[in-house]
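J.: Take a look at this one; I'll ask things after.
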Ligand SMILES: O=c1[nH]c(=O)c2[nH]c(=O)[nH]c2[nH]1
């Protein structure tokens, strides 16, 4: 029996970068959290403390800032793939890179009906994300969003589930349905997409998700998840698969009978935990799977 080093990667996590484009009077701000991870032959560092192959995490962080200055940021998928390609061409023992970016979205403040040039308010529409994996012969991009909170006050039912001696949940034909969507979708051909393509899909996919949440009557959050994924794949041929994690943010009707009051679906307790966690993948059945694109991305089934 020998003890050997298994899969490993290392990099700088959560580099906070804010880039201000001042080239026009209306400034553009890009606010990112960037995490880098390198893969390759780092066995000597792990087994002998020999750092001759270790491109330091400090250097990786510096590259993020220098690249933002030199080429700007642009769409996060493009910035991630520039970083990944740089690292994988820096040394022959660095064979892969995984660059994860979260984009914290700012909207212009409107003053007297006019969008302000240089004052912003944090958007409530969630965070845009990407994970770009650069390997010797492939570039994968899995983009997504987090923190997209939606609620519908009717048009949601839940019944027909099995009952056993532990079941207390009442069937309902009218409940509040609320969730906070985390979604990640894999592009079929990230290399073939332009910045304009990434921008269009980054805007269009969240819109398709929330519009479907609003439009479709729900018999279960599982059904809603599937409908939302189906809408994205139908509208965007560039997407191979979409994975979603959606907590069921329970809203319980409060019993007001002790106070002599009825409660016709009016007063709720918004519970924060425990919550149901509904997760799933919706995908095309005619495209190859790409496990390498998802490697190291936790939290999805
Ligand atoms: O949409 C739902 N799916 C479930 O699996 C579930 N389980 C539960 O208790 N409530 C709900 N609601």
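J.: All but one of (1) at pLDDT 95 or above; (2) surrounded by fewer than 18 Cβ atoms within 10 Å (Cβ to Cβ) hold for residue 124; state the number of the condition that does not hold.
T.: Residue 124 satisfies all of (1) at pLDDT 95 or above; (2) surrounded by fewer than 18 Cβ atoms within 10 Å (Cβ to Cβ) except (1).
J.: Which is within 16 Å of the ligand (Cβ to nearest atom), out of contact with any strand residue (DSSP E or B) (no Cβ under 6 Å at 6 or more places or on another chain) and at pLDDT 95 or above, of 262, 197, 174?
T.: 174
J.: Residues that are crowded, with 16+ Cβ neighbours inside 10 Å and within 25 Å of the chain's Cα centre (by Cα): list the helices (runs of 4 or more DSSP H) wholly contained in segment 29-93 that include at least 3 such residues.
T.: Once the helices (runs of 4 or more DSSP H) in segment 29-93 are filtered for at least 3 residues that are crowded, with 16+ Cβ neighbours inside 10 Å and within 25 Å of the chain's Cα centre (by Cα), what remains is 57-71, 76-88.
J.: Please tell me if residue 269 is in contact (Cβ under 8 Å) with a residue 60 or more places away in the chain and either within 14 Å of the ligand (Cβ to nearest atom) or in contact with a strand residue (DSSP E or B) (Cβ under 7 Å, 6 or more places away or on another chain) (or both).
T.: no
J.: Next up: Any idea how many residues of segment 210-226 are within 16 Å of residue 240 (Cα to Cα) and in contact with a helix residue (DSSP H, G or I) (Cβ under 8 Å, 6 or more places away or on another chain)?
T.: Of the residues in that region, 0 qualify.
J.: Within segment 1-28, track down each residue that is outside any strand (DSSP E or B), under 22 Å from residue 129 (Cα atoms) and touching a helix residue (DSSP H, G or I) at 6+ places or on another chain (Cβ under 9 Å).
T.: Result: 11, 12, 13.
J.: List pairs: first in segment 158-169 and touching a residue at least 40 places away in the same chain (Cβ under 8 Å) and not assigned by TED's automatic domain parsing to the domain that holds residue 276, second assigned to a loop (DSSP other than H, G, I, E, B) and more than 10 Å from the ligand (Cβ to nearest atom), Cβ under 6 Å, 6+ apart or cross-chain?
T.: Pairs found: none.
J.: Taking residue 292, is it crowded, with 18+ Cβ neighbours inside 10 Å and either in a helix (DSSP H, G or I) or on the phi > 0 side of the Ramachandran plot (or both)?
T.: No.
J.: Among what's in segment 200-223 and is farther than 15 Å from residue 144 by Cα and out of contact with any strand residue (DSSP E or B) (no Cβ under 9 Å at 6 or more places or on another chain), pick the residue that is farthest from the ligand (Cβ to nearest atom).
T.: 211
J.: Among the residues of segment 224-255 satisfying the criterion of being closer than 22 Å to residue 268 by Cβ and either without any contact (Cβ under 8 Å) to a residue 12 or more places away in the chain or away from the ligand (no atom under 15 Å from the Cβ) (or both), which is surrounded by the fewest Cβ atoms within 10 Å (Cβ to Cβ)?
T.: The extreme case among them is 255.
The values are calculated or read from the model by the stated rules, or taken from the named source; none is laboratory data. Since we're looking at a predicted model, the values are computed, not measured. Backbone-built Cβ (ideal geometry, glycine too); neighbour counts: all protein chains shown.
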